[in-house]
1. If I go through the stretch 265-320 residue by residue, how many of them are touching a helix residue (DSSP H, G or I) at 6+ places or on another chain (Cβ under 6 Å) and β-branched (Val, Ile, Thr)?
2. Testing ASN3 on (1) modelled with pLDDT of 95 or more; (2) closer than 15 Å to VAL104 by Cα, one condition comes back false. Which one is that?
3. Among the numbered criteria (1) crowded, with 19+ Cβ neighbours inside 10 Å; (2) aliphatic (A, V, I, L, M); (3) more than 18 Å from the chain's Cα centre (by Cα); (4) part of a helix (DSSP H, G or I), which one does ALA297 miss?
4. Name the pairs whose Cβ atoms lie under 8 Å apart, with the first residue in the stretch 75-91 and within 13 Å of TYR16 (Cα to Cα), the second part of a loop (DSSP other than H, G, I, E, B) and open to solvent by 10 Å² or more (accessible area, probe 1.4 Å), and 6 or more positions between them or separate chains?
5. I'd like the full set of residues that are open to solvent by 30 Å² or more (accessible area, probe 1.4 Å), of a type in the set (Gly, Ala, Ser) and over 15 Å from ILE39 (Cβ atoms), limited to the stretch 57-114.
6. Can you tell me which of (1) modelled with pLDDT under 95; (2) within 17 Å of THR91 (Cα to Cα); (3) of a type in the set (Gly, Ala, Ser); (4) open to solvent by less than 40 Å² (accessible area, probe 1.4 Å) is the one SER159 doesn't meet?
7. Restricting to the stretch 265-285, count the residues that are farther than 19 Å from LEU234 by Cα and either open to solvent by less than 90 Å² (accessible area, probe 1.4 Å) or of a type outside the set (D, E, K, R) (or both).
8. Report, by residue number, each residue of the stretch 209-226 that is at pLDDT below 95 and either open to solvent by less than 10 Å² (accessible area, probe 1.4 Å) or part of a strand (DSSP E or B) (or both).
Amino acid sequence: MENGKTPKVSIVVPMYNVGEYAAACLRSLMGQTYKNIEIVVVDDGATDDTADICARTIADDDRVKLVHKENGGLSSARNFGLARATGDFVTFVDGDDVLDKWAVGHMVALAQKTGVPLVTCEYKKIDSTDDFGCQEIGEGKIVSGDELLGMLLLLNGESGSACAKLYARELFPLLAFPEGQLFEDFGVEATVFSSVDKACISGAELYGYLAREGSITTNKKYEDKHLEGMEASLSTVRDVVDDRPELKDAFACFEAFCSLRVASRLDLNKCIDRRKAKAYVLNARKRCRKVAGNPLASKTWRFRCGLFASSPALHNLVYSLYGNLTGKVVG
């Protein structure tokens with residue numbers, strides 16, 4: 001396929017203090033089999049050698065542009081990069097993750113074949129970026145936007161992350177990430193899902209998510225900003241679901257799952273308002289108690305909700321043991 005005859009895809013990559021992981025990330029993007037791409041690398045005010053590593057890695061590829069800004073966080077960097085994207089489609093990749101070489105081409109092919117404005121693929125948790133590669137590509141599945149929203153609410157095949165997705169330009173205005181807020185992705189994604197008639201889901205594991213110490217998603221202890229960010233994003237999703245009464249029960253599950261996620265990691269010693277934090281944990285237990293018997297929730301989540309409602313300490317102990325034994329956690 002020749003440039004100019006195929007849709008152009010912008011890949012927006014926020015970078016902040018990821019060091020050598022940046023090189024592996026960028027190499028995976030420059031090595032895409034689909035060639036009509038631009039890669040917008042956003043140096044979000046890194047204080048280590050990330051920017052230098054990026055500059056060296058991209059030196060011989062004129063499809064990549066490195067832009068710099070003051071540190072403002074992940075949302076700020078994504079917004080900054082998106083404003084400079086000129087593609088017909090955009091996808092987001094975090095600076096310490098990688099894409100399978102077929103990822104962009106596969107998602108573009110599905111978008112063209114189906115005519116949908118949104119294509120998703122699967123994540124694969126990896127310990128190293130060295131040998132990541134998808135074993136099977138397969139076909140895509142068409143779903144409605146509301147079906148995708150329901151999958152998010154039940155955490156059933158949809159995580160709510162902004163990554164591992166291909167968005168058509170018509171959706172760019174909806175990709176406004178709230179700056180300075182944690183857990184910002186799923187509020188934005190719920191808005192996107194509710195705005196599309198159809199989407200295409202690929203079951204291929206094309207996005208390699210590197211779980212490493214120091215990344216946002218491996219932070220073990222939460223504090224006030226996590227509590228506030230989660231409730232702000234839940235409020236956005238709640239507004240979306242208010243127009244869809246058939247998703248009310250599914251949202252109750254989502255509300256419980258998200259509250260459990262924060263409350264189970266909340267460190268009261270780090271919270272400025274301990275009374276508010278304690279009240280949050282109590283409310284999370286109430287939410288979980290209501291969902292523990294809800295057949296919409298998976299068996300795993302019903303078990304976790306029931307256990308947390310009964311004893312947060314016991315839940316955390318069991319969850320920790322499970323993670324140590326299996327090397328993975330759920331949600």
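The values are calculated or read from the model by the stated rules, or taken from the named source; none is laboratory data. The structure displayed is predicted, hence computed values, not measured ones. Reconstructed Cβ throughout: ideal geometry from the backbone, glycine too, with neighbour counts over all protein chains shown. Heads up: the accessible areas ignore ligands, DNA and RNA and are worked out on the full protein's heavy atoms, side chains in. Shrake-Rupley method; radii C 1.70, N 1.55, O 1.52, S 1.80 Å.
1. 3
2. ASN3 satisfies all of (1) modelled with pLDDT of 95 or more; (2) closer than 15 Å to VAL104 by Cα except (1).
3. (4)
4. SER75/PRO178; SER75/GLU179; SER75/GLY180; SER75/GLN181; SER75/GLU184; SER76/GLU179; SER76/GLY180; ALA77/TYR16
5. GLY72, ALA83, ALA109
6. (4)
7. Total meeting the criteria: 6.
8. Matches in the stretch 209-226: TYR209, LEU210.
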